[in-house]
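What follows is calculated from the coordinates using simple rules that are stated; it is not laboratory data. Small disclaimer: the values here were computed from a predicted structure and weren't measured. Positions of Cβ are generated from backbone atoms using ideal geometry, with glycine treated the same way; all protein chains shown enter the neighbour counts.
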Amino acid sequence: MAASVTAALLVIGDEILSGRTKDRNIGYIAEYLAAIGLDLCEVRIVPDVEAEIVAAVNALRSRYTYVFTTGGIGPTHDDITADAIAKAFAVTIDHDPRAVAILKAHYSPGQLNEARMRMARIPEGAELIENPVSKAPGFRLGNVFVMAGVPKIMQAMMDQLGPRLTRGSPMISATVTAYLAEGDLAKPLKEIQDRYPEVTIGSYPFEEAGKFGAHLVLRSRDEEKLAAARRDVLHMVEELKSSGKVKLWS
């Protein structure tokens, strides 16, 4: 079984923290990475403050296999992510000839103004991440991938960089729905969890049409252990239902 490949996501932008913009990237990236065998272990959201971005990048890149960032690489004054990444890696930043060429080919004469030229500023030594939507590239420096915050552009960038990533074994999952209270499920569920350390078991309560229950989600990279744990969970649920000692909502 392949070793675990870990990742963190750094969401950058005052607009996310203020609630003005609702993040649509975290869930997409989490699902994308899970599908190719990467574990998204941490998500941080920081403001458009250079010191905050630098500190977060340096903390995360030393802890995880990969770090992905979204936001802050546009043409406006508060788009400071590229400068912050350069500072985190202690390298210079300037207009990159490759990025300049891309923007010149995209914009009509006279449209490539000073503001848009900011999007061609790339830290020294970085690889470009192609942007097939609006052309202004993202970049990779070390184990940090810097992408746009606009969901459509970010998703296109993920498709470009995906093949470059080292992949782990895909995580597989199974769900058992139990119309039982979590308080009745907790003890026997922990006993099953203890028997299967290779399987992560989560309990997620719900209420539907006045009925209460929990979705019991099992996740593992080991298909056989997952199947065995699922059988035990199903058996546990049936035993509780037939015991006469718990309230049934089904």
What does the extension gain come out to for Lys247 and Glu208, with contour length at 0.36 nm per residue minus their alpha carbon separation?
12.5 nm
Counting other C-beta atoms within 10 Å, which of Val233, Val146 has the fewest, and how do the rest follow?
Val233, Val146
Pairs of Cα atoms under 8 Å, at least six residues apart: use those to get the relative contact order of the stretch 163-236, whole percent.
40
The distance between the Cα centres of the stretch 169-188 and the stretch 80-151, in whole Å, is 45
May I ask you to sort Phe145, Phe206, Phe89, Phe212 by Cβ crowding, counting other Cβ atoms within 10 Å and putting the fewest first?
Phe206, Phe212, Phe89, Phe145
Residue among Thr69, Thr177, Thr81 with the largest mean-square fluctuation in a Gaussian network model of the chain, springs linking Cα atoms under 10 Å:
Thr177
Which aspartates and glutamates have a Cα lying under 14 Å from the Cα of Lys187, excluding residues fewer than 8 positions away in the same chain?
Asp232, Glu239
Any idea what angle helix 26-35 forms with the longest principal axis of the chain, computed on alpha-carbon atoms, 0 to 90 degrees, nearest 10?
70
Could you run the Karplus curve 6.51 cos²θ - 1.76 cosθ + 1.60 with θ = phi - 60° over the stretch 168-182 and give me ³J(HN,Hα) per residue in whole Hz, x for Gly and Pro?
x, 6, x, 7, 10, 9, 9, 10, 10, 9, 10, 8, 9, 6, 4
If Rh is defined by the Kirkwood formula over all Cα pairs and Rg also comes from Cα, what ratio Rg/Rh do you get for the chain?
1.11
Go from 0 up to the bin containing the longest alpha carbon distance in the stretch 1-104, width 10 Å each, and give me the % of pairs per bin.
14, 40, 34, 12, 1
What is the stretch 16-55 by shape, rounded, prolate or oblate, if you read a ≥ b ≥ c off the alpha carbon gyration tensor as root eigenvalues and call it rounded for a/c under 1.5, prolate for a/b larger than b/c, and oblate otherwise?
oblate
Exposure proxy check on Lys135, Lys87, Lys22: fewest-to-most Cβ neighbours within 10 Å is Lys22, Lys135, Lys87
For the stretch 128-181, diffusion coefficient by Stokes-Einstein and Kirkwood Rh (Cα), 20 °C, 1.002 mPa s, µm²/s:
158
How high is the relative contact order of the stretch 5-164, in percent, counting Cα pairs under 8 Å that sit 6 or more residues apart?
22
Gain upon complete extension [Ala101, Glu191; 0.36 nm per residue less C-alpha separation]:
26.4 nm
Can you figure out the FRET efficiency of Ser4 with Lys152, using R₀ = 30 Å and their beta-carbon distance, to the nearest 0.05?
0.50
Along the stretch 157-166, Karplus-curve 3J(HN,Hα) (6.51, -1.76, 1.60; θ = phi - 60°) to the nearest Hz, with x for Gly and Pro, reads 5, 4, 5, 6, 8, x, x, 7, 7, 6
Express as a percent, rounded to the nearest 5, the fraction of DSSP beta bridges in the chain (both residues included) that run antiparallel.
60
By how many nm would the segment from Arg63 to Thr92 lengthen if fully extended, with 0.36 nm per residue of separation less the alpha-carbon distance?
8.1 nm
